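Reading through the structure tokens given below for one structure.
Please treat every number below as a calculation from the coordinates, not as lab data. Model, not experiment: these values are computed from the prediction. Note that each Cβ is placed from the backbone with ideal geometry, even for glycine, and that neighbours are counted across all protein chains shown.
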Amino acid sequence: MNLRLHIWRQSGPQDAGMLKTYDVANVSEHMSFLEMLDVLNEDLIAKGEVPVAFDHDCREGICGTCGMVINGRPHGPLARTTACQLHMRTFKDGDEIYIEPWRARAFPVIRDLVVDRGSFDRIIQKGGFVSVNTGNAQDGNTLPIPKTDADRAMDAAACIGCGACVAACPNASAMLFTAAKIGHLGSVPQGQAERSTRAMNMVLQMDAEGFGACTNHYECEAACPKGISADFIAQMNKDYVASVFAGRD
Amino acid sequence: MDLKNHIPSGPIEQKWDKHRVELKLVNPANKRKFSVIVVGTGLAGSSAAASLAELGYNVQAFTYHDSARRAHSIAAQGGINAAKNYQNDGDSVWRLFYDTVKGGDFRAREANVHRLAQVSVNIIDQCVAQGVPFAREYGGYLSNRSFGGAQVSRTFYARGQTGQQLLLGAYQALMRQVGLGKVKLHNKQEMLDLLVVDGRARGIVTRNMVTGKVETHMADAVILATGGYGNVFYLSTNAKACNVTATYRAHKRGALFANPCYTQIHPTCIPQSGDYQSKLTLMSESLRNDGRIWVPKNQGDKRSPDQIPESDRDYYLERKYPSFGNLSPRDIASRAAKEACDDGRGVGPGGLGVYLDFSDAIKRLGEKVIADRYGNLFEMYERITGETPYQVPMRIYPAVHYTMGGLWVDYNLMSNVPGLFVLGEANFSDHGANRLGASALMQGLADGYFVIPYTIGGYFAQGGFSPVLQDSPIVQATVREAEEKIQKLLSINGKRSPTSFHRELGKIMWDKCGMARNEKGLTEALTRIPELREEFWQNVVIPGSGDQLNQSLELGLRVADFLEFAELMCYDALHRNESCGGHFREEYQTEDGEAKRNDQDFAYVGAWEYTGVGSKPTLRKENLEFENVQLATRSYK
Amino acid sequence: MRAFGEIWESNVFQKWLMAISGLLLVGFLLGHLSGNLLVFMGPDAINEYAHGLRTMLHGTAIWIVRFGLLGTFVLHITSAMKLSRRNREARPSRYNTVEHRASTLASRSMLYSGLLLLTYAVYHLAHFTWGVVHSEFYPKASPTGPESNGAEYIPDVYSMVVSSFQVHAISVAYVLAMIMVGLHLNHAIASAFQTLGVRNQRFVPVIRMVGPLLGILVAAGFSSVPLAILAGIVK
């Protein structure tokens, strides 16, 4: 199939950037979306042009590196699918495709479709962990964890940190990302000791990074390639307010 | 050069304990005076950086990703082994040790493997304490599954995302230390070279991938946890950025590279669909617990799988290896698939595929149970191929997955360059010629959480660290070399992209040094690789400049090293006149096509010393002594 | 320990304030509605009710309620303004194309429906409470002097309502505003519970149903008064 792509080109963080149009021919339906971009880039290199920079790594939907807004949707049209797992059979001959980077103040563009998601790491640094030094642990079976709790923890822990939630949120809010970590650790007994301070510190860091606030549109959970539920945001809100009133921070 | 492996004396069960007592300690107050560089933030790197920082060392961690959480450990699906014997099915440290040595086709160091089995139990405990959501039974206790190469259930898992969860555990531990200011984390920095000063590893040269600046970073020790080199084949299950640069650069600075020819071909990957293919996707080996592998009995049987009656199907693993059946180790299962396809009985486009069929399991257990176990894997398969495994058997084909070879290290995980430690897949130490499923996660975390924190102290306690100045001639020379290489690449301005060279190299390696190798092919590869390398340096084109994010340049630098490293692999494969584990030489097989090991002449680690680009490396041998496990023909029949 | 000011200014706390104040305002709306519906029971019922409100606790009750309401409104509005400003700033460059998957017209227009409602509320107060617009319908002030006969004076709220709503423009504006209230509540109620952290899957689907339902009920309930008046059912 033949496609017309409109891709955001921006040569550096300080540049203005604009959409540029490219035609790609003979795209196979078995290609992944990123392989289609590979083909475009090889073409551009052959023509002596600078290829489109985009983030990617594992190409199996787990590392969370890839991410671009495809026709107005983070990671493209398919639910629960990262851009690298999106295959061209989803598109048809003659389609026009708009490809843009994640847009958020807290995710500045580095180049073209590549953004800096360091803000996510800084949120985790504020409490997205259990403070247990290597060697502290007791036997793994000492504390039974109800299967439903373990499953719930896993539902939240499945987050790949790609940032699609932020990209999809009309407010560029990082609440689903933050809530997923708070929800994961809040669902297992090992996370209880720091539950209160974790919610407090991570939420405040999220604000400091310049993410917006949740207005409950649920665009985030619809865009999340791992299908993480906005339930966890409710839990985070509760944990946060509880920690405000607990006053133990 | 004399290779001292520093394996402690005494009975194998006591070696590690004894060694820990004998290792010198660094006083808690003095630990902050020692600095460590950790390159790579996968399981081994993150766990090491976090654990060392917890001890009080001054740690700097480096990753070429935008976040430490993205390392390729994250993609491991199936699970992590540990000799917990929670299932009461006869597991023990000894059995895990034995299984691993045997699985490695008797080419691993006994003492290292035993230590690995010993600390495996601590890993699970540590991860549970970090909040890793391992699968649980209804009673709340940890659940296990069985995995290839073992007859006990000792694999712990978190749905099909075990690697992700373990990595996030280690990443979170690392983030905690970064938040506390104990680790300085450098994102988007790629290591270009190792700084060896007065014979000791004292720092690294990196390129800041955002600004393009070439920087130097000094420390008292350098830890490489930079993963494997499977991407030398271009198509592999490795992530796109995985590369050999860090370890190969260290090799060029004097570190020995051990057993590079041991590459693991994973039997359950999704077959290639076209030339544009950028990577291969692995389907967890755990699928083999319930899926049955088969091909049509007759060549050229083009019927759709549901039209082929039982009598016309060949469940070749169950037939050839009745006791392990579909759970035969990876090398055996892969080769058996290749044989079936070479025999003209492969399925799917190009005949490069075999069926992995769940219809019996669905009949026996119901679709819901199967969906619980493998739902996400089935979804992934469907997204890629457009077919649903609930109705149509999966098609799978082997693909390069893991590399057992790596930098040579002693029992302390230190290479022959003092102060250069190597962990995880980047070293060669624990898996011999073949790695068992669910053992990579175990090894990465064992090295990072429970080995390096002890052994690095022993090295520091020896003392004698004089400060290294940024402007010392050796440092400046190394930086200049890196900068010149970048300039050279940018100025060639030829016709071919780095990817096209990479793809061509990969094809040579897969054909000549892949699942089956022979002398003729390897000799041919040894002529073609230098030619390709020559062309690369004449004809590659890297658009853009070096002072900003330039993904073509990153790739060019990596491919340049693969083009040298590939030769090393072929030399190793050519010299090893035997078949063992992930190294199958067609000349050395039994009458029924099984690998034929030669313990008489090859029970050693082949560690190679660099002698210059294009010049044959020098072989150093470390003899493997088996005092506890009897060398036997590996049989899974 | 984090200072009160820092907590107060945090997004989640502001959201929480908005949710709490919003739910209080919903409570007020329901109370207001129940009063309005007394129109259907004739002039005495509503006039006595209105009079009762003004004289309860010697006339202090209404001031307590008024100040409470004012405070709630201020909280609701200031948090809304703060959050929407921050939300706008969180995405300085806009997408070329956006395809919504889960958000609704109601959820995306909260700021606008809210602002329109604020404008309408001021007009509404000016009309029915302060009597500064459409003052011709406003009940005469309590007569003083001999003609009062010492009997308790009850202002004729009923007539004010009926005669006001007989003006088509006033009715239409009112009904439109009530539709806006419905739209606002459609998203607001479930949203408030989400913000307050109700996440039990047994209740969430119910709550997500209650929001739109209550929105419709409130809009229909309030609108029924002018519609009945226009239709001549209430005279």
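Can you tell me, using C-alpha contacts under 8 Å and at least 6 residues apart, the relative contact order of chain A as a whole percent?
The normalised contact order for chain A reaches 20 percent.
Taking the Cα centre of region B:295-398 as origin, work out the dipole magnitude from +1 charges on Lys and Arg Cβ and -1 charges on Asp and Glu Cβ, in debye rounded to 20. Present the calculation step by step, with values, prior to reporting the outcome.
Details: 16 positive and 17 negative charges, 28 e Å.
The calculation lands at about 140 debye.
What spacing in nm lies between the two simple spin-label points modelled at residue B:343 and residue B:360, each 7 Å away from Cα in the Cβ direction?
According to this spin-label approximation, the distance is 1.7 nm.
Given H placed 1.01 Å from N in the peptide plane, which residues other than close sequence neighbours of residue A:105 have an amide H under 5 Å from its amide H?
Under 5 Å from the amide H of residue A:105: C:91.
Which value, in debye to the nearest 20, describes the size of the charge dipole of region A:109-161 about its Cα centre when Lys and Arg Cβ atoms bear +1, Asp and Glu Cβ atoms bear -1, and nothing else is charged?
Details: 6 positive and 7 negative charges, 33 e Å.
Around 160 debye, computed over region A:109-161.
Report the calculated FRET efficiency for residue B:591 and residue B:253 (r = Cβ-Cβ distance, R0 = 30 Å), to the nearest 0.05.
Values: r = 46 Å, r/R0 = 1.52.
It comes out at approximately 0.05.
Tell me the relative contact order for region A:33-162 as a rounded percent, counting alpha carbon contacts under 8 Å between residues six or more apart.
The value is 22 percent.
Averaged across A:171-181, how many Cβ atoms of other chains sit within 10 Å of each residue's Cβ atom?
3
Which values of log₁₀ I(q)/I(0), to two decimal places, follow from the Debye formula for chain A at q = 0.08, 0.16 Å⁻¹ with a uniform point scatterer at every Cα?
-0.36, -1.11
Give the relative contact order (percent, whole number) for chain C; include only Cα pairs under 8 Å separated by 6+ residues. Show your work: numbers first, answer last.
Numbers: 204 pairs, mean separation 63.7, N = 235.
Reported relative contact order: 27 percent.
Could you tell me which residue out of C:83, C:95, C:167 lies farthest along the dipole of chain C toward its positive end? Charges go on the beta carbon: Lys and Arg +1, Asp and Glu -1, centred on the Cα centre.
Selected residue: C:95.
Of A:140, C:155, C:182, which is farthest along the charge dipole of the protein assembly as shown in the positive direction, counting Lys and Arg as +1 and Asp and Glu as -1 at C-beta?
C:155
Going 7 Å from the Cα of residue B:630 in the Cα-to-Cβ direction, what parts of region B:75-109 have a backbone nitrogen less than 15 Å from that spot?
B:102
In debye, nearest 20: dipole of chain B around its Cα centre with unit charges on the Cβ of K, R (+) and D, E (-)? Provide the component values of the computation, followed by the final result.
Details: 74 positive and 71 negative charges, 226 e Å.
With only Lys, Arg, Asp and Glu charged at Cβ, the dipole is about 1080 debye.
How would you order A:16-29, B:373-386, C:2-15 from highest to lowest mean count of nearby Cβ atoms within 10 Å? Don't jump to the answer; show the numbers that get you there.
Working: A:16-29: 13.0, B:373-386: 19.6, C:2-15: 17.2.
With the highest mean Cβ count within 10 Å placed first, the list reads B:373-386, C:2-15, A:16-29.
By how many degrees, 0 to 90 and rounded to 10, does the Cα axis of helix A:231-246 deviate from the longest principal axis of chain A?
40
Using θ = phi - 60° and the Karplus curve 6.51 cos²θ - 1.76 cosθ + 1.60, what whole-Hz ³J(HN,Hα) does each residue of region C:71-79 get, with Gly and Pro shown as x?
Values per residue, Gly and Pro as x: x, 4, 4, 4, 4, 4, 6, 5, 5 Hz.
Based on the alpha-carbon gyration tensor of region B:444-545 and its eigenvalue square roots a ≥ b ≥ c, which shape applies: rounded if a/c is under 1.5, prolate if not and a/b is larger than b/c, or oblate?
Working: a/c = 2.80, a/b = 1.39, b/c = 2.01.
Oblate.
May I ask which residue of A:65, A:189, A:225 lies farthest towards the positive end of the charge dipole of chain A, with charges of +1 (Lys, Arg) and -1 (Asp, Glu) on Cβ and the Cα centre as origin?
Of the listed residues, the answer is A:189.
Peptide B:446-452: average number of partner chain Cβ atoms within 10 Å per residue?
Per residue, the average neighbour count from other chains is 1.
Once amide H atoms are placed 1.01 Å from N in the peptide plane, what residues at a sequence separation of 5 or more from residue B:229, or on another chain, have their amide H within under 5 Å of its amide H?
Those lying under 5 Å, H to H, from residue B:229 are B:403.
Quote the FRET efficiency, to the nearest 0.05, computed for residue C:152 versus residue C:41 with a Förster distance R0 of 25 Å and r equal to the Cβ-Cβ distance.
Computed FRET efficiency for residue C:152 and residue C:41 comes out at 0.80.
So what is log10(I(q)/I(0)) for the protein assembly as shown at q = 0.06, 0.08 1/Å, when the Debye sum runs over its Cα atoms only?
Log-scaled intensity ratios, in q order: -0.52, -0.85.
Could you state the angle between the C-alpha long axis of helix C:168-196 and the longest principal axis of the C-alpha atoms of chain C, as a value from 0 to 90 degrees rounded to the nearest 10?
That helix lies at roughly 40 degrees to the long axis.
Label residue B:89 and residue B:388 with points 7 Å out from Cα along Cα→Cβ: what is the distance between them in nm?
In this crude label model, residue B:89 to residue B:388 measures out at 3.1 nm.
Apply the Karplus parameterisation 6.51 cos²θ - 1.76 cosθ + 1.60, with θ equal to phi minus 60°, to every residue of region A:82-92 and state each ³J(HN,Hα) to the nearest whole Hz, in sequence, with x for glycine and proline.
Each residue of region A:82-92 in turn: 7, 4, 6, 9, 7, 10, 5, 5, 6, 10, 10 Hz.
Tell me, what HN-Hα J-couplings in whole Hz come from the Karplus equation 6.51 cos²θ - 1.76 cosθ + 1.60 at θ = phi - 60° for each residue of region C:88-95, using x for Gly and Pro?
5, 5, 5, 10, x, 10, 8, 6
Can you give the FRET efficiency to the nearest 0.05 for residue C:140 and residue C:213, using r as the Cβ-Cβ distance and R₀ = 35 Å?
Details: r = 41 Å, r/R0 = 1.17.
The value I calculate is 0.30.
So for the pair residue C:202, residue A:29, with labels modelled 7 Å out along Cα→Cβ, what separation do we get in nm?
About 4.8 nm, to one decimal.
Near the amide H of residue B:59, under 5 Å away, which other amide H atoms are found, from residues 5 or more places off or on another chain, if H is placed in the peptide plane?
Residues meeting the amide H criterion: B:36, B:184.
Can you say what percent of the DSSP beta bridges in the protein assembly as shown, counting only those with both residues inside, are antiparallel? Round to 5.
Numbers: 60 of 84 bridges.
Bridges in the protein assembly as shown that DSSP calls antiparallel: roughly 70 percent.
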